[in-house]
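Written below as structure tokens is the structure these notes are about.
The values are calculated or read from the model by the stated rules, or taken from the named source; none is laboratory data. Since we're looking at a predicted model, the values are computed, not measured. Cβ: placed from backbone, ideal geometry, glycine included. Neighbour counts: every protein chain shown. Side chains are part of the model used for accessible areas, which takes the heavy atoms of the whole protein and leaves out ligands, DNA and RNA. Shrake-Rupley method; radii C 1.70, N 1.55, O 1.52, S 1.80 Å.
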Amino acid sequence: MVKVHFLGAAGTVTGSKIFIETQEINILVDCGVFQGKKELREINWLPLPIDVTSIDIVLLTHGHLDHTGYLPRLVTSGFNGSIIGTAPTLAIGRIILMDSAKIHEEEAEKANKDGYSRHNPAKPFYTLKDVERTIALFKEVESEQAISLSDHIKSTFRPNGHILGSTFIEVDIFEKKFVFSGDIGRPKDILLDAPIKPKWADFLFMESTYGNKIHPKEEVEELLIKLVKKTIMERGTLLIPSFAVERLQSLMYRLWKLYDKNKIPNIPIFMDSPMGNNVLNLFEKFPNWHKLSPKEYRAMCRHITIIDSFRKTWETIDDPRPKIVIAGSGMVTGGRILTYLTKLIDKRNTNILLVGYMAEGTRGRKLLEGIEEVKIYGRYYKVKATIYHDESLSAHADQAELLSWISSIKNIPEQVFLVHGESEALDAFSTKIKEQHNWSVKIPDLFETSTLVF
């Protein structure tokens, strides 16, 4: 008998946490924070509905915040086991958690100074010291190498695209194969190899972010060329909020290639994301995890100005030249992009390109929906900038790509659980799986527990 607790990413796309109770060992697969809507973010502050000290091990599919961002809270709540992931995943996890802790500390300090928090005093969600304690528990694993977790349980991490180091995880529990998809990448990603497909799954836990959508045919080059020309003509700024991991490097690569092919002029391009810069260095450190050659990597980095201080952020804002700025965060929930928006979002010669998925409740989603004012650091700013959106740059597989990913499974799973999706995506993808495979599909609710007997 195995008990499965859905502690996150159930009925929503964030906060990934699946707790597996077995008679030998208790496993938490991923440990992310909720993002987006306020009611979800507030759950982060609540204690988990399980005994955290009973968790023996954490397995990480990849390093994104919605899969790793709760780890320091887990540690401060009493967890003291191993946190296992591939080397790039743990390296990205270190960067993201350190950056997140700094933001939490800075925002708490700013809220106390400016008095815009309803908490007195405002406290950080976790601190840099909490992160240091968490990193001490990290344990690297090689991809495609089975590791024993207990007498009758082992796990294997298999590359699945999405971001550097990302995997799906097979956990063999008493000869039953539990497959946790993590976030599945694109088969034709310009930087990463195509995801490996699972061959067998007795119990499948599958992401459904784009379970109801087919990504548009990739026309991002044409859109970037159009926006660069428009920015130059208007003598304005093209702002591209971007996730610091893989998306930002992909945008850098595309813009450099457009220049290299003489498709855009030599417009100044700035990359302003301390985290993104740190992740960029990982592409040099882990060359076997991506397609970028050392020569291309060096040329791209020479072409783009990397901002390495907050002072230079302000210098870039004041730079009167037409320019492109890529800055975190992707859903406009934090990071350096907010500083640019406070000075540029109310200017008509500012263009903002949102790329990929925008979760409910995020500033990115609100900008897409045409909000006229946006709240940043407790103040409201008029939105006079022109907003553009491109989903073809998404690092998530779409419905057809998700169906292709499960097409190589030889058996009929005893149960498929759909997670990491909003309700429309979950319902649509459930219907598709039933139509094509006639498999048993369940959409769990948040904090639901399923008991599996075999």
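Computed from the C-beta positions of Ser293 and Glu221 and an R0 of 25 Å, the FRET efficiency is 0.80 to the nearest 0.05. Classify the range 290-340 as rounded, prolate or oblate, taking a ≥ b ≥ c as the square roots of the eigenvalues of its Cα gyration tensor: rounded when a/c is under 1.5, otherwise prolate if a/b is larger than b/c and oblate if not. It is oblate, given that a/c is not under 1.5 and a/b is not larger than b/c. Ranking Met271, Met98, Met1 from most to least accessible surface, computed with a 1.4 Å probe over the protein chains only, gives Met1, Met98, Met271. Dipole magnitude for the chain: about 1720 debye, using +1 per Lys or Arg Cβ and -1 per Asp or Glu Cβ, origin at the Cα centre. Taking the longest Cα principal axis of the chain as reference, the axis of helix 220-234 is set at about 30 degrees. Any chance you could give the angle, 0 to 90 degrees and rounded to 10, that helix 274-285 forms with the longest Cα principal axis of the chain? Result, in degrees: 60.
Across the options Gly356, Gly161, Gly236, the greatest Cα extent toward the positive end of the charge dipole of the chain (unit charges at beta carbon of Lys, Arg, Asp, Glu) belongs to Gly236. Peptides 288-298, 198-208 ranked from most to least packed, by the mean per-residue count of other Cβ atoms within 10 Å: 198-208, 288-298.
Taking the C-alpha atoms only, the angle from helix 423-437 to the longest principal axis of the chain is near 50 degrees. Taking amide H as placed 1.01 Å from N in the peptide plane, the amide H of Leu149 sits under 5 Å from that of Lys154, Ser155, each at least 5 places away or on another chain.
Annotation: per residue accessible area for the range 12-72 equals 32 Å², rounded to a whole number [probe 1.4 Å, protein chains only]. How many percent of DSSP beta bridges within the chain run antiparallel, rounded to 5? Bridges in the chain that DSSP calls antiparallel: roughly 45 percent.
Between the amide H of Ser242 and those of Ala327, Gly328, Ser329, Gly330, distances stay under 5 Å, these residues lying 5 or more places away or on another chain, with hydrogens modeled in the peptide plane. Taking square-rooted eigenvalues a ≥ b ≥ c of the alpha carbon gyration tensor, is the chain rounded, prolate or oblate, where a/c under 1.5 means rounded and, failing that, a/b exceeding b/c means prolate? It is prolate, given that a/c is not under 1.5 and a/b is the larger ratio.
Ranked from largest to smallest solvent-accessible area, with a 1.4 Å probe on the protein heavy atoms, Asp30, Asp130, Asp308 come out as Asp308, Asp130, Asp30. Rolling a 1.4 Å probe over the protein chains gives His152 an accessible area of about 100 Å². If I take R0 = 41 Å and measure r between the Cβ atoms of Asp51 and Arg379 in this structure, what FRET efficiency does the formula 1/(1 + (r/R0)^6) give, to the nearest 0.05? After rounding, the FRET efficiency stands at 0.45. Neighbours of Ser273 by Cβ distance under 12 Å: Lys/Arg scored +1, Asp/Glu scored -1, total -1.
Dividing the summed helix terms, -39500 (n - 2.57) for each DSSP H run of n ≥ 4, by the number of residues in the chain produces a 222 nm estimate of -9500 deg cm²/dmol to the nearest 500. Legend: residue pairs Lys38/Lys375; Lys38/Lys110; Lys312/Lys343; Lys17/Lys410, Cα-Cα distance threshold 18 Å; pairs beyond threshold, Lys38/Lys110; Lys17/Lys410. Taking θ as phi - 60° and the Karplus parameters 6.51, -1.76 and 1.60, the scalar couplings of the range 72-77 work out to x, 5, 4, 5, 5, 8 Hz in sequence order, x denoting glycine and proline. Solvent-accessible surface of the range 99-152, averaged per residue with a 1.4 angstrom probe and all protein chains in place: 68 square angstrom. The calculated FRET efficiency for the pair Lys3 and Ala146, based on their C-beta separation and a Förster distance of 22 Å, comes to about 0.40. Accessible area per residue for the range 203-278, computed on protein heavy atoms with a 1.4 Å probe, is 38 Å². Projecting the Cα atoms of Gln249, Phe270, Gln436 onto the charge dipole of the chain, computed from C-beta unit charges around the Cα centre, puts Phe270 farthest toward the positive end.
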